[in-house]
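Inspection log for the structure reproduced underneath, given as structure tokens.
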Amino acid sequence: MTASSIIPLFVAIPLAGAFITPLIGKKVKWAPDVIGNSLTFVLAVLSIFSVMMVSSSGTIVYSVGGWMPPVGIAMVLDGLTSFMLVTVNLLAFIIAVFSVNYMEKFTSKAKFYCLFLLMLAGMNGVLISGDMFNLFVFLEIASVASYALVAFGTERYELEAAFKYAIMGTVGSLFVLLGIVFLYSYTSTLNMADMAQVLMQKGGGNIVLMVSALFIMGFGLKAALVPFHAWLPDAHPSAPAPISAMLSGVLIKSLGVYALCRIFFNVIGMTADISSILMFLGALSMVVGVFLAIGQWDFKRLLAYHSISQIGYVVLGIGLGTPLGIFGGLFHLFNHSVFKSLLFLDSGAVEYSAGTRDLKKMGGLAEKMPVTGTTSLIASMSIAGVPPFNGFWSKLIIIIALVQAGRHGYAFWAVVASVLTLASFAKVMKYAFFDKLKEQLKQIKEVPIFMKLSMSALALICLFGGLLLVGAVKIDFLDKATDVLLEGTKYAAIVFKGIG
Amino acid sequence: MSREHDKGMSLIVKTITRLTVGLILLYGVYIVMHGHLSPGGGFAGGVIIALSFINIMLAYGKEDAFKKLSRAAASMWESIGAIMFLGIALLGFTGGYFFLNFLNKGEPFKLFSAGIIPLCNIAISFKVGAGVFAIFVALILLKIDVEKKE
């Protein structure tokens with residue numbers, strides 16, 4: 001047993017939890033809560049430990065079953081993976097704490113935690129996989145679990161949204177599978193590092209262009225980039241609030257953005273064409289998302305459209321391809337997962353207490369629900385890019401990177417989208433929290449303790465997120481992740497060196 | 001018609017099912033056990049095992065099928081199968097690697113060979129067998145619920 005043995009645990013622990021929960025959860029009422037929260041806590045600690053491992057010993061490759069890559073299945077832990085693992089597992093833990101109280105109103109907690117942990121296992125699997133087909137398998141595990149979670153309320157519109165999501169998600173997965181099949185037939189290998197090496201030797205042909213198009217469609221659909229975004233505004237609001245937070249916060253990033261970056265930067269190799277396509281799609285999502293969001297009156301639907309818009313920022317920054325652009329994109333990815341999860345949890349808290357998602361029926365809730373009101377204000381300021389909250393720093397970095405690269409048009413649209421985001425959240429704050437208290441809302445109470453705890457924790461991260469830009473944290477956490485994308489197809493050589 | 005014909009299909013179907021269902025189950029077990037030697041394995045065998053229970057349900061109605069394998073039992077076996085599979089994978093850590101084939105490999109093409117692979121096949125067959133049966137049950141029950149409401 002060496003320290004690298006923790007790598008498979010990121011999949012094994014949530015998978016074990018997912019199948020133990022339904023076994024004992026039906027008889028022991030408190031078991032699902034305890035299992036779900038303790039396991040996600042362990043995973044969050046392990047993920048922080050993984051950052052330290054990467055900073056001390058560089059890229060680590062784990063050979064599953066003792067079979068050496070490229071023959072065996074590889075799990076790769078590098079800067080980008082550990083960065084994403086922290087994002088996913090930390091958020092999962094905080095959201096699991098929120099679920100303790102929130103999921104009381106649904107009947108089956110055991111089923112909820114089973115699917116939740118299954119989805120977490122799938123996401124962690126996508127992140128640590130160094131093998132193309134394994135990436136697809138874990139992508140499907142996470143997707144299928146999320147289809148079921150969207151339908152968790154089993155009301156009419158939830159089932160409709162889940163059905164739509166399942167159909168579109170399956171089409172996306174099919175494109176990904178087809179892309180992997182073509183790449184496999186061209187390179188005769190499934191190991192990502194080996195594939196990158198073969199592609200470098202053989203050179204790209206038309207088949208690589210075809211595969212790139214398939215991957216942009218497939219992963220773009222998972223990431224909800226604009227032409228492929230239609231499922232998101234239905235699916236995310238229909239799920240229970242913790243799951244909306246999970247879907248918007250981390251699922252679209254680990255399945256969509258992460259996989260897109262990993263494959264285009266490290267396996268196929270970034271070209272100017274792909275870069276401009278990604279930037280165009282990013283800018284399009286950024287602007288279209290925010291224009292669609294501003295007219296919404298359903299709290300969660302508005303947030304869902306903002307997810308499309310914010311993912312646009314991330315993809316725009318990463319697609320730019322300069323060190324500062326990638327840095328800003330990744331930093332915005334982390335920040336967005338924090339404040340968007342917080343906003344969805346707030347919307348869940350409002351729904352829990354006031355029983356509505358319609359902004360017109362709310363009003364003056366900050367008076368009755370101080371914690372929810374304050375955390376919503378912090379999250380709204382963060383997403384709108386008001387200093388000193390974390391969203392400001394990452395948007396600033398992306399815009400500076402765009403200006404430095406001479407892309408003034410994109411920089412202009414990034415600023416416009418940010419201003420519109422501010423306008424849209426000013427509307428939310430006014431109608432939901434600061435207006436006059438409505439008569440029928442006089443009786444409502446603040447939410448229970450665990451929900452308050454998790455919302456406050458996320459609000460603190462929003463407030464102090466800017467500190468990630470200073471000192472050793474930046475070097476270990478963000479710079480290492482940026483380096484992975486910058487090294488491009490040198491990834492192959494680094495992974496082969498790391499086999500041990 | 002007598003009472004025993006109230007549920008399920010006709011006498012011919014019931015008789016044929018009674019004669020063949022054991023053979024189908026046995027064939028499923030055979031496919032699972034020889035997964036490491038011949039085509040097939042845990043998934044294919046598991047599906048065949050599930051088909052034997054589904055056959056009972058089609059021919060005799062759901063009460064008789066639930067007597068053989070209830071919904072709770074199907075759910076339990078599904079979880080147990082998954083935990084067994086994961087447990088085998090974690091036991092690989094005794095030799096240093098996740099999923100390490102830590103057992104004696106034996107002689108090739110003998111029934112008791114290939115280390116953990118037959119055990120994995122058995123675990124998968126539990127998972128798949130119970131899972132396919134549970135999916136079928138879910139479809140049946142959902143249909144009945146809708147009919148009741150109308």
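Counting only heavy atoms of the protein chains, get the accessible area per residue of the stretch A:272-469 (1.4 Å probe) and round it to a whole Å² value.
Values: 6930 Å² over 198 residues.
For the stretch A:272-469, the per-residue accessible area is 35 Å².
Given axes a ≥ b ≥ c from the Cα gyration tensor, I'd like to know whether the protein assembly as shown is rounded (a/c under 1.5), prolate (a/b larger than b/c) or oblate. Oblate shape, in that a/c is at least 1.5 and b/c is the bigger or equal ratio. A helix-only calculation puts chain B at -23500 deg cm²/dmol for mean residue ellipticity at 222 nm, using -39500 (n - 2.57) for each DSSP H run of at least four residues, averaged over all residues. Other protein chain C-beta atoms within 10 Å of residue C-beta, averaged over A:54-64: 1.
Count neighbours as other Cβ atoms within 10 Å of each site's Cβ, and list the trypsin sites (Lys or Arg not before Pro) in the stretch A:29-136 that are DSSP loop with at most 14 such neighbours.
Working: sites: A:Lys29, A:Lys105, A:Lys109, A:Lys111; in loops: A:Lys29.
Listed in order of number, the matching sites are A:Lys29.
Other residues lying with their Cβ under 11 Å from the Cβ of A:Ala414 contribute a combined charge of +2, Lys and Arg counting +1, Asp and Glu -1.
When each of the peptides A:336-344, A:258-266, A:176-184 is scored by the mean number of other C-beta atoms lying within 10 Å of its residues, the order from highest to lowest reads A:336-344, A:258-266, A:176-184. FRET efficiency for B:Ser10 and A:Lys105, Cβ-Cβ distance as r, R0 = 51 Å, nearest 0.05? The pair B:Ser10/A:Lys105 has a calculated efficiency of 0.60. To the nearest ten degrees, helix A:299-320 and the longest principal axis of the Cα atoms of chain A are 30 degrees apart. The angle separating the long axis of helix A:109-128 from the principal Cα axis of greatest extent in chain A is about 30 degrees. The local environment of B:Ser79, defined by Cβ-Cβ distances under 14 Å, has a net charge of +4 under the rule Lys, Arg +1 and Asp, Glu -1. Give the distance, in whole Å, between the Cα centre of the stretch B:78-117 and the Cα centre of the stretch A:68-104. Taking the Cα centre of the stretch A:68-104 as reference, the centre of the stretch B:78-117 is 26 Å away.
Our summary gives chain A a relative contact order of 18 percent, counting only alpha carbon pairs under 8 angstrom and 6 or more residues apart. Counting, for every residue in A:15-23, the Cβ atoms of other protein chains within 10 Å of its Cβ and taking the mean gives 5.
Prolate is the label for the stretch A:272-469, because a/c, from the alpha-carbon gyration tensor with a ≥ b ≥ c as root eigenvalues, is 1.5 or above and a/b exceeds b/c.
Principal axis extents of the Cα atoms in chain B, from largest to smallest and rounded to whole angstrom, are 63, 33, 20.
Taking a ≥ b ≥ c as the square roots of the eigenvalues of the Cα gyration tensor, the stretch A:139-295 is classed as prolate, since a/c reaches at least 1.5 and a/b is larger than b/c. For the stretch A:342-412 and the stretch B:36-51, compute the distance between their C-alpha centroids and round to whole Å. Computed from Cα coordinates, the inter-centre distance equals 52 Å. Summarising the strand pairing of chain A, around 90 percent of its internal DSSP beta bridges are antiparallel.
Measuring r between the beta carbons of B:His34 and A:Ala472 and using R0 = 45 Å, the FRET efficiency lands at 0.20.
Could you grab the relative contact order for the stretch B:3-149? Cα pairs under 8 Å, six or more apart, rounded to a whole percent.
Relative contact order here is 29 percent.
I need the calculated FRET efficiency for the pair B:Leu91 and A:Thr271, taking r as the beta carbon distance and R₀ as 51 Å, to the nearest 0.05. In this case the efficiency is close to 0.65.
Of the residues A:Arg357, A:Arg407, B:Arg18, A:Arg156, ranked by 1.4 Å probe accessible area with the largest first, the sequence reads A:Arg156, B:Arg18, A:Arg407, A:Arg357.
For the stretch A:338-441, divide the Cα radius of gyration by the Kirkwood radius and give the resulting Rg/Rh value with two decimals.
Using only Cα positions, Rg/Rh for the stretch A:338-441 is 1.09.
The distance linking the stretch A:128-142 with the stretch A:312-339 is 23 Å (Cα centroid to Cα centroid, whole angstrom). Taken residue by residue and averaged, Cβ atoms of other chains lying within 10 Å of the Cβ of B:86-99 number 5. Per residue of chain A, the DSSP helices (runs of n ≥ 4 H) give a summed -39500 (n - 2.57) that works out to -23500 deg cm²/dmol at 222 nm.
Computed from Cα atoms, the angle from the helix A:390-404 axis to the main principal axis of chain A rounds to 50 degrees.
The values are calculated or read from the model by the stated rules, or taken from the named source; none is laboratory data. What you see is a predicted model; the values in this text were computed from it and never measured. A quick note on method: Cβ atoms are made from the backbone with ideal geometry, for glycine too, and the neighbour counts reach across all protein chains shown. Just the protein is used for accessible areas: all its heavy atoms, side chains included, with ligands, DNA and RNA removed. Shrake-Rupley method; radii C 1.70, N 1.55, O 1.52, S 1.80 Å.
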